[in-house]
Amino acid sequence: MTLTGMGVGKPLAAGVVLLAVCLVCGASAQAASVLYVGDEVAALTAPVVAKRLPDVEVVDATGGTDSSDALEAVKAFYDPAQRVVVFDAGINDDQEDFVSLGGNLPPAAEEVGDACMVVPTIHTPSGEDPEPFIAKSKEVFEFAETRPTTETPEWAGAADLEPGLLDPDGIRPTPRGIEVRARLIAEAVRSCLAPRVAPPRPAPKTVEATAGFGDEIRSIYGQISMDVVRFAFATALINAVF
C-alpha cells in the first residue's frame, strides 16, 4: 500500500521548501504562513495548493510515508507564526505497524496550539476493502468534533463520486485529481484564514426575571400604599367622630 518510487525524501532529510511567498504589501503587512505536512500524495498536492494561494506562504514539509512521519514533520517545522497546518496523511497507515491517524492527530494538535488544522478525509484505493479507509475518515471527523478550529476537506467523497480522479493503482491522484484535491484543501485553508465572527450572545435570562420581580415589587408597594391610605382615612374618621 505504501507509495514508492516518487523521488520524495523524508521531510526531515529533504528540509523545508517555500512554495509561495506573497510580496509585502505595505511596511508592516506580511503573508499568512501555512505549514503543509504529509505523505507522497500530499507531496503531489502541496505545490498546486500553493499556486491557488498566491498571497499565502506555504511551507512544504511533505514527503513522509504515513501519519507518524507527518507528526514528526510538525514537531520539526511548526512555527507559531504559522496560522494553519495542513495534515495530509493517513492512507499508508497500517494498524499492524501500530500507526494510527487517530492516534497521531491529537499530539499534532498539541504541537500547534490554536492554529487551524486542515485534515483531508482518506479515500479508498481501488480493489481494497473500504472498511479500514472509512474508519480512517471517521477518525478525522471525530478529531474535528473535539477541535472546532479544524477543517476536513472531503477528498474521499470526491474520489468516490468520480473514479477518474485516481490513477489505475487507486492511490495516486490523476492530474485532474490533484487539481480537485488542491482546490478542496485551498478552500479549507481560506476558511481557516477568514476572520471568525463570534456568534451573538443570547440575552441574559435574568433580565426577564428581574423585570417580573420588579412588577411584583411594584404590586407589593402599591398594596402597601393602599393599606396606608385606608389606615389614614380610618384614623381621620375616628378622630372626627370622637
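Residues that are loosely packed, with under 12 Cβ neighbours inside 10 Å, more than 26 Å from Ala109 (Cα to Cα) and in contact (Cβ under 8 Å) with a residue 40 or more places away in the chain are absent from the range 153-165. Could you please let me know if Gly170 is surrounded by 13 or more Cβ atoms within 10 Å (Cβ to Cβ) and part of a loop (DSSP other than H, G, I, E, B)? Here the answer is yes, as Gly170 does meet what is asked. The set of residues from the range 68-126 being among the small types (Gly, Ala, Ser), assigned to a loop (DSSP other than H, G, I, E, B) and over 15 Å from Pro153 (Cα atoms) comprises Ala81, Ser100, Gly113, Ala115, Ser126. May I ask you to verify whether Ala81 is surrounded by fewer than 24 Cβ atoms within 10 Å (Cβ to Cβ), in the same structural domain as Ala32 (by TED's automatic domain parsing), touching a strand residue (DSSP E or B) at 6+ places or on another chain (Cβ under 8 Å) and modelled with pLDDT of 95 or more? Answer is yes for this residue. Going by what's in this entry, would Asp39 be described as at pLDDT 95 or above and under 20 Å from Ala76 (Cα atoms)? Taking the combined requirement at face value, the residue satisfies it.
Comparison of Leu23, Leu19 shows that the only residue that is surrounded by fewer than 23 Cβ atoms within 10 Å (Cβ to Cβ), modelled with pLDDT under 50 and in contact with a strand residue (DSSP E or B) (Cβ under 8 Å, 6 or more places away or on another chain) is Leu19. Scanning the range 127-167 for residues that are at pLDDT 95 or above and either on the phi > 0 side of the Ramachandran plot or part of a loop (DSSP other than H, G, I, E, B) (or both) returns Arg147, Thr149, Thr152, Pro153, Glu154.
Listed by first and then second residue, the pairs with beta-carbon distance under 8 Å, at least 6 apart or on different chains, first residue in the range 34-45 and under 7 Å from Val86 (Cα atoms), second in a strand (DSSP E or B) and among the acidic types (Asp, Glu), are Tyr36/Asp60; Tyr36/Asp88; Val37/Asp88.
The values are calculated or read from the model by the stated rules, or taken from the named source; none is laboratory data. Note that the structure is predicted; figures quoted are calculated from it, not measured. Neighbour counts run over all protein chains shown; Cβ positions are idealised from the backbone, glycine included.
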